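Below is one structure, written out as structure tokens; the observations come after it.
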Amino acid sequence: MKKILLLLFLSFFINLHVQADDTKDFQIGGISLNDSLLNTFSEKEIKKAKRKTSFKSKKYSMYAFFGDYNPYDHLVIYTERKDKSYIIKSVAGFMKFEKNWEGCLKEQDSISDEVQNLFSNAKKTVKEFAQPFDKTGNSIERDVIFALEYGEEIGSACQKWGKKYKAQRKKKDTIQVFMDTKEYAAWLRSQGH
């Protein structure tokens, strides 16, 4: 009986470890990479959620969904522009951290610990910089990005917007938790982000 329990435990443990090296079971707001948006939203909802982007290249389309995506208050998803199957190449969940930079950083550290535990072989990069969109230099961002074994990226970004930029653009301080395919991450870097 002990041998059977030990085998069951080892089998369960090995399955968890295998899943941790694969992003297909990792979700943000109930959404996974390389799934179709049509699994979650109707085509009418998808078309209504489409947004313009500031990227030079028009390779990807952006969709914003607002609502309760526990714990996120909205999701931003990218698919290839001409893909009628709406296969997800990037998904990000956003939570407000208005006037709470320290709280955002604490949440980011907690998220980073969880990702590191799930993907122990991931390469971690941390950077903090002034947001280039705000010419006053008063908006800052701190990114923690994990590059996974097959090139996917999972990470988070705390964004604190300057007072003037916030008023002009109606921005809120947020934490963003994101997951990108290898191709999308490379494309995003090529766009200067």
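Among the candidates Ser139, Ser156, the residue that is under 17 Å from Arg189 (Cα atoms), among the hydroxyl-bearing types (Ser, Thr, Tyr) and in contact with a helix residue (DSSP H, G or I) (Cβ under 6 Å, 6 or more places away or on another chain) is uniquely Ser156.
Only residues that are of a type in the set (A, V, I, L, M) and loosely packed, with under 15 Cβ neighbours inside 10 Å: list them for region 118-142, please.
Those that are of a type in the set (A, V, I, L, M) and loosely packed, with under 15 Cβ neighbours inside 10 Å: Val126, Ala130.
Of all residues in region 147-193, those satisfying the criterion of being in a helix (DSSP H, G or I), under 23 Å from Ile111 (Cβ atoms) and of a type outside the set (A, V, I, L, M) are Lys182, Tyr184, Arg189. Please indicate, with yes or no, whether at least one residue in region 162-175 is crowded, with 19+ Cβ neighbours inside 10 Å and either in contact with a Leu (Cβ under 8 Å, 6 or more places away or on another chain) or closer than 18 Å to Thr79 by Cβ (or both). Scanning region 162-175, I find no residue that is crowded, with 19+ Cβ neighbours inside 10 Å and either in contact with a Leu (Cβ under 8 Å, 6 or more places away or on another chain) or closer than 18 Å to Thr79 by Cβ (or both), so the answer is no.
Highlighted here would be strands (runs of 3 or more DSSP E) found entirely within region 29-110 that include at least 3 residues which are loosely packed, with under 15 Cβ neighbours inside 10 Å and in contact with a Leu (Cβ under 8 Å, 6 or more places away or on another chain), but there are none. Output the residue which, of all residues in region 166-193 that are among the hydrophobic types (A, V, I, L, M, F, W, C) and farther than 16 Å from Ile28 by Cα, is modelled with the lowest pLDDT. Ranking the candidates gives Ala167 first.
Among the criteria (1) at pLDDT 95 or above; (2) closer than 24 Å to Leu33 by Cα; (3) not polar (S, T, N, Q), the one Gly151 does not fulfil is (1). Apart from one condition, Ala130 fits all of (1) of a type in the set (A, V, I, L, M); (2) without any contact (Cβ under 8 Å) to a residue 12 or more places away in the chain; (3) in contact with a Leu (Cβ under 6 Å, 6 or more places away or on another chain); the exception is (3).
The values are calculated or read from the model by the stated rules, or taken from the named source; none is laboratory data. No experiment lies behind these values; they were computed from the predicted model shown. Don't worry about glycine lacking a Cβ; one is built from the backbone with ideal geometry, like all the others, and counts go over all protein chains shown.
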